[in-house]
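The values are calculated or read from the model by the stated rules, or taken from the named source; none is laboratory data. Computed from a prediction, not measured in an experiment: that's the story for all the values here. Glycine also receives a Cβ, built like all others from the backbone with ideal geometry; neighbour counts cover every protein chain displayed.
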Amino acid sequence: MMKKRDEARSINVRHWLPTRVVTVLCFLVSLGCHAFSYAEPPQLMPIEEIRPGMKGIGKTVFSGTKIEEFNVEILSILTNRSPDNNAIMARVTGGPLPLEKSGVLAGMSGSPIYIDGKLIGALAFIPSIFPNDTIVGITPIHEMLRDAARLDTQTANLRAPQAFGFTPISTPLMVSGMDARGLAFFEQQVAGWNMKPVQGGSVAKMLTKDADLDLQPGSAIGVQLIRGDMDVSGVGTVTYRDGDHIIAFGHPMFWAGAVNFPMAPAYVHLNVSTLIFPFKMASPLDAVGAITQDRKTGISGKMGQVAPMIPFEVTLNAPESNAEPHRYMFEIADYKQLTSLLMKIATLNALLAFDNEQEGEFAITAKTAIEFADTEPFAVENRFVGKDSPIPAVIGAFAPLDALIENKFKPVHVSKVSVEMTVRHATQTAEIIGIAVKKDLFRPGETVDAMLTLQPYNQEAVSLLHTLTIPQETPRGALILFACDADATTMIETMRAQAKYMPQDLEQLTRLLRDAVSRNTLVLSLLDLKPGVVIQGQEFPSPPLSMTAMMASSSHSYAKNSLTRGRILARTYLATDFVMSGCVALPIQIDGQLTETGDDVVVQPMDTIQPIEPKKEGEETE
């Protein structure tokens, strides 16, 4: 048995700097080390020495920052509960509540369990069917030390493991400054991660005056995901400390692998005991280190290490109220699979707090700007309409960020994000229902004056004059003039030149996202039915005949190289005050000589509609 103890202790010494060495170093550089005390790590008890009937204690915080004890009795040992993992089954009782009345509280994950003063593991699992029972599962400490020492950067699927019969204790996500509707949306988004957002708040300074800010086994610990004008932190308990190194939770938070989240002591306000979800209501204090690993058997990190966060700014405008723009400032955890979601949560919460008129129709113009550490900044604008809930607008505003973060080409390193939203309470939509030109025969270089008929919601029809210049090199023959909304334009383009929308590198993806048409834009396009080609994601609208013939005769087709179903010869964009819908088309002829017809070619009568000048016009010729 002594050999096993020595082997168990050697795991700790081999991976981490011994505490005695840390003490000497702290003495030499006491300016940086005097703030925290380093207790000698406890002796460890291997799972082979644990027997049913043994009794011990657990440690956790029930109030403030004071560590208190509860009782533990070992029931059984489960070997190979999952690959390379065992579990110690026990019953917990006692404590100031006591636990047999309250049940195990969310936030107790990681509570260290001792037998004869030796650490055996962390409180981590409860029954999935009767969660208020006091039978629990304990993650062995040796498995936690093993996983905490991993140096690989492999990430998992951000879903906590679920097992039949027992499930990880839920992690309470303590949220301050969040609207109840935003909280409900947040809960839906994290449901698969064994987490539960809980409305909380910050800690009053008078309560923390005598708080113990040193993290020790049994201390409440917060993992900060959002901070600033709102705070979101996962709360659990520290299991083990050796010098600067911390292990906690006893189960994964996201099972995300290598991470970099700020960690902070947490102050427990009170314990809420319910049949559905008993939990600790707690608030994080100032960050004291970083969580660097999120593994199957727990999270681990280092005191004194800084976890950088991404600055995030939300600016909101409401022209109808004549109110000054309101700015919200946040810091967001920097992790690929979480950053965008957390920014959406912060934006939604800011929007709900800013706009008191929560029901009815609305139009939101969103400008999203993204800065990167290693590439050019990116900005895009779009407009959204809806009723009652702004959630679709928030999700749409971050669609470009999602695409860039999740791209398959290479990692992007986001350094800052800002979103500006202008909110109006009106249904600002219009359908494109007609297009008319003065003649049906044009020649290269001539300007086409297209009269576009729009039907705004609950208003009289209006017309817009929009122009497009026919390129000089346009061949003789039949063309089609399209006037479409953004979605229809994208659909037509995808059908016409599918390979163009299969980017081959990050630069092409960024260009596609940047060139995406805003939903308040009316697009006028001139289509030639003759085919063009796409090579490596790049369109060539006027390829040599030899290239077209070769592509047409090939017996093989690849997504990145293909013929197109027609060529866009010219295209112009008209920004409007409406979110546009609909698409109309009109055939025209190109000839070498200009011929007047004397009659309009129309798809809808225009004699009762007076033209109005467009708001803004730009032209792009391919």
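Remarks
- 3 or more residues within 30 Å of PRO140 (Cα to Cα): qualifying strands (runs of 3 or more DSSP E) within region 297-352: 298-303
- Subset tally (residues that are at pLDDT 85 or above, surrounded by 15 or more Cβ atoms within 10 Å (Cβ to Cβ) and part of a strand (DSSP E or B)) for region 373-392: 7
- Selection from region 477-509 of residues that are under 21 Å from ALA585 (Cβ atoms), among the hydrophobic types (A, V, I, L, M, F, W, C) and not in a helix (DSSP H, G or I): ALA478, LEU479, ILE480, LEU481, PHE482, ALA483, CYS484, ALA497
- Check on SER321, closer than 22 Å to GLY250 by Cα and hydroxyl-bearing (Ser, Thr, Tyr): no
- Scan of region 377-425 for residues that are in contact with a strand residue (DSSP E or B) (Cβ under 8 Å, 6 or more places away or on another chain) and basic (Lys, Arg), ordered by number: ARG383, LYS387, LYS416, ARG424
- Residue match in region 527-543 (condition: at pLDDT 85 or above, closer than 30 Å to ALA366 by Cβ, of a type in the set (A, V, I, L, M) and surrounded by 15 or more Cβ atoms within 10 Å (Cβ to Cβ)): no
- Residue in region 276-289 that is of a type in the set (A, V, I, L, M), under 16 Å from GLY201 (Cα atoms), in contact with a Ser or Thr (Cβ under 6 Å, 6 or more places away or on another chain) and in a strand (DSSP E or B) present: no
- Single residue of MET309, MET329, MET253, MET263 found to be within 27 Å of the chain's Cα centre (by Cα), aliphatic (A, V, I, L, M) and surrounded by fewer than 21 Cβ atoms within 10 Å (Cβ to Cβ): MET329
- Taking region 280-302 as the range and being buried (at least 22 other Cβ atoms within 10 Å of the Cβ), within 17 Å of VAL61 (Cα to Cα) and not charged (D, E, K, R) as the test, the residues that pass are ALA282, SER283, PRO284.
- Members of region 444-471 that are hydroxyl-bearing (Ser, Thr, Tyr) and either in a strand (DSSP E or B) or more than 12 Å from GLU431 (Cβ to Cβ) (or both): THR447, THR453, SER463, THR467, THR469
- The residues of region 91-106 that are in contact with a helix residue (DSSP H, G or I) (Cβ under 6 Å, 6 or more places away or on another chain) and buried (at least 18 other Cβ atoms within 10 Å of the Cβ) amount to a single one, VAL92.
- Pairs where the first residue, in region 180-199, is in contact (Cβ under 8 Å) with a residue 24 or more places away in the chain and the second is among the hydroxyl-bearing types (Ser, Thr, Tyr), C-beta under 6 Å, 6+ apart: ASN194/SER170; MET195/THR171; LYS196/SER170
- Qualifying residue in region 483-497 (condition: among the charged types (D, E, K, R), in the same structural domain as VAL437 (by TED's automatic domain parsing) and surrounded by fewer than 14 Cβ atoms within 10 Å (Cβ to Cβ)): no
- Residues located in region 399-415, provided they are over 14 Å from the mean Cα position of the chain (by Cα) and in a strand (DSSP E or B): SER415
- Within region 498-519, the set of residues being under 26 Å from ILE364 (Cβ atoms) and in contact (Cβ under 8 Å) with a residue 40 or more places away in the chain comprises LEU509, THR510, LEU513, ARG514, ALA516, VAL517, SER518, ARG519.
- Candidate set from region 403-430 (those that are charged (D, E, K, R) and at pLDDT 95 or above); member that is surrounded by the most Cβ atoms within 10 Å (Cβ to Cβ): GLU420
- In region 242-260, the residues that are of a type in the set (Asp, Glu) form Cβ pairs under 6 Å with partners that are part of a loop (DSSP other than H, G, I, E, B), at six or more places apart or across chains, as follows: ASP242/TRP16; ASP242/PRO41; ASP244/GLY304.
- A single member of PHE398, PHE362, PHE384 is within 18 Å of GLN188 (Cβ to Cβ) and among the aromatic types (Phe, Trp, Tyr), and it is PHE398.
- Residue within region 68-90 that is modelled with pLDDT under 95, more than 17 Å from SER273 (Cα to Cα) and in a loop (DSSP other than H, G, I, E, B) present: yes
- Near pairs, Cβ below 9 angstrom, 6+ apart or cross-chain, from region 101-129 (touching a residue at least 40 places away in the same chain (Cβ under 8 Å) and not assigned by TED's automatic domain parsing to the domain that holds PRO197) to any residue that is in a loop (DSSP other than H, G, I, E, B) and surrounded by fewer than 24 Cβ atoms within 10 Å (Cβ to Cβ): none
- Some residue of region 334-342 being buried (at least 17 other Cβ atoms within 10 Å of the Cβ), touching a Pro at 6+ places or on another chain (Cβ under 8 Å), outside the structural domain of VAL259 (by TED's automatic domain parsing) and under 20 Å from HIS413 (Cα atoms): yes
- Output for region 465-476, where each listed residue is touching a strand residue (DSSP E or B) at 6+ places or on another chain (Cβ under 8 Å) and modelled with pLDDT of 90 or more: LEU465, HIS466, THR467, LEU468, THR469, ILE470, PRO471
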